[in-house]
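Below is one structure, written out as structure tokens, with a few remarks after it.
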Amino acid sequence: MQTVEMMGKQIQVEISKHAERQLNNRKAPLFIEMELYFSCLLRKEIRIREALREKLDEEFTAQLSDILHISFRPVMTKSCSVSSCEGESPPLSDFPIQKPQSYVPKWLKLDFKKGEWCGDFGY
């Protein structure tokens, strides 16, 4: 288990042995985004990216190693439709929350199963 700091808060990062092996074989960084979705309901989702997302807020990012970067992104939609919460997300915009450090997750788990990256985060 490793720890990374984001916005003055410690996030415990647990990387499975399979994921560790995959990270060791990478030549380019992997970007893990912990997305907290605010609409008519809350949803949390892990987004695994091969490239850095545009307009990334630096205060919501941390570098665990040369090969692994972690970010947190609170987002919202302009309207609420429960049917839009499944599958492909509607267009998102950053959510300007007060005291964002209160929403930074406490832990992140990263794994590599069946040829794909997966993970979870929580409070």
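Read-outs throughout are calculated quantities, based only on the coordinates presented, and are distinct from any laboratory measurement. All values reported here derive from a predicted model rather than from experimental measurement. Cβ placement follows ideal geometry from the backbone for every residue including glycine, while neighbour counts extend to all protein chains displayed.
Please give the contour-minus-distance gain from TYR123 to SER93: 0.36 nm per residue of separation, less the Cα-Cα distance, rounded to one decimal in nm. Walk me through the intermediate numbers first.
On the way: separation 30, 0.36 × 30 = 10.80 nm, distance 2.26 nm.
Contour length minus Cα-Cα distance gives 8.5 nm.
Using a Förster distance of 25 angstrom, determine the FRET efficiency expected from the C-beta separation of ASP66 and PHE38, and round it to 0.05. The partial results should precede the final answer.
Numbers: r = 33 Å, r/R0 = 1.30.
Result of the calculation: an efficiency of 0.15.
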